[in-house]
1. Once you've got the Cα coordinates, tell me which of Lys76/Lys235; Lys154/Lys306; Lys275/Lys300; Lys154/Lys275; Lys76/Lys275; Lys275/Lys306 are over 27 Å apart.
2. With Cβ to Cβ distances under 10 Å as the rule, what net charge do the other residues near Lys154 carry (K, R +1; D, E -1)?
3. Which distance in nm do the two modelled labels at Glu161 and Lys223 give, with both placed 7 Å along the Cα-to-Cβ direction?
4. Whole angstrom only: what separates the Cα centroid of region 113-155 from the Cα centroid of region 229-296?
5. Assuming R0 = 41 Å, what is the FRET efficiency of Glu90 and Glu267, from their Cβ-Cβ distance, to the nearest 0.05?
6. Would you mind getting me the FRET efficiency between Thr139 and Ser208? Use the beta-carbon distance for r and R0 = 56 Å, nearest 0.05.
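What follows is calculated from the coordinates using simple rules that are stated; it is not laboratory data. Owing to the predicted nature of the structure, the values given are computational and were not obtained by experimental measurement. With ideal geometry, Cβ positions are generated from the backbone for all residues, glycine too; neighbour counts draw on all protein chains shown.
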Amino acid sequence: MTTEMQEIAITEEKPLLPGQSDAVKDAEIAARILLDQGQEHRVETPHGVLRVTVHGTGNARRPAILTFHDVGMDSKSCFSTLFKFEEMQEIVKNFTVVHVDAPGQEDGAPVYPAGYQYASMDQISEMIPAVLQFFNFRTIIGVGVGAGAYILSKFTLTNPEAVEGLVLVNVDTNARGWMDWAAQKLSNLTSSLTDQILCHLFSQEEMSANTDLIQTHRERIAKAPNLINIELFWKSYQGRRDLNIDRNNMFKCPVMLVVGDQAPYEEAAVECNSKLDPTTTSFLKMADAGGMPQLTQPSKLTEAFKYFIQGMGYMASSCMTRLSRSRTTSLSSSYSMEGSRSRSRTLSQGSQGGQLPPSPSHTMEVSC
């Protein structure tokens, strides 16, 4: 087996005997299925046990891609659409991908008893070092959505040396204000837990249209056997603390902020972008993406992720296709390279074949 994920190499040093070819094919198919499903592990941490699913054998010279999901979801419902997307496979096969489930949120998790003290957002972020140690990962590229974006943000601020890059979808680094607190109290009285979480995940337009995606997630959450666990995670996120990000307390790595146009956390993402270092931050606002761009626009998000990784110095030869074909997308980019290689450029994606050079730091604002 090669070190690249989902690539099985079988070398025949001599012809196979009759009947051996079927056995080899069966073994190859079984190996591919195992790689596709991932290997599940239960990792002990200072604040409880985490289920972690690992895909691929990895490359020791590259960071692992570590994901963390949002409230009302687990790693599969939050990231399967994106990471199984055809064009994402170019990235997936070159990195170890690690999906972390928040405590008690995975499918089949035992229900917590009444009065159970669920971990705070800070405590959940403190579980991640145990995951890195368990798999002997030196560094990661974090990909978080909603509550997962907050958790990875907190982890990165505390452990800057362990994170090479961050992709934060629908991030809100602020604690709830008094208005938010009052609105949540009213919502608790007038809306079911399922509706509260759906309004957190999706835009008002999507909720009003009651799309198939909304109906699917409504049914999944309402009928979840571990609904009590989901509520505990939801309350923990509602009780999050302000990360106090400013120019003196910010991420030390490249960051890509992603939010859907009209998404519930659009304003929070814009505010977060205004606080970060413009030379290392990319801001991607996606039109027609709703509240969950990784589910509704996996193609555009995959392409943006490729640019981001290429800017970090990985996959320099990666082919950028869909964004370069878009006639409605424009990129205003400023690249800073060390020494005399410093330069800036503006790229209009209306022309064919535009490709961004790799860069360790850049500012990118996209509306696509």
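1. Table pairs above 27 Å Cα-Cα are Lys76/Lys275.
2. With Lys, Arg at +1 and Asp, Glu at -1, the net is 0.
3. Going from the Glu161 label point to the Lys223 one covers 4.9 nm.
4. Using only Cα atoms, the two centres lie 16 Å from each other.
5. Values: r = 34 Å, r/R0 = 0.82.
With a Förster radius of 41 Å, E is 0.75.
6. Efficiency computed from Cβ-Cβ geometry: 0.85.
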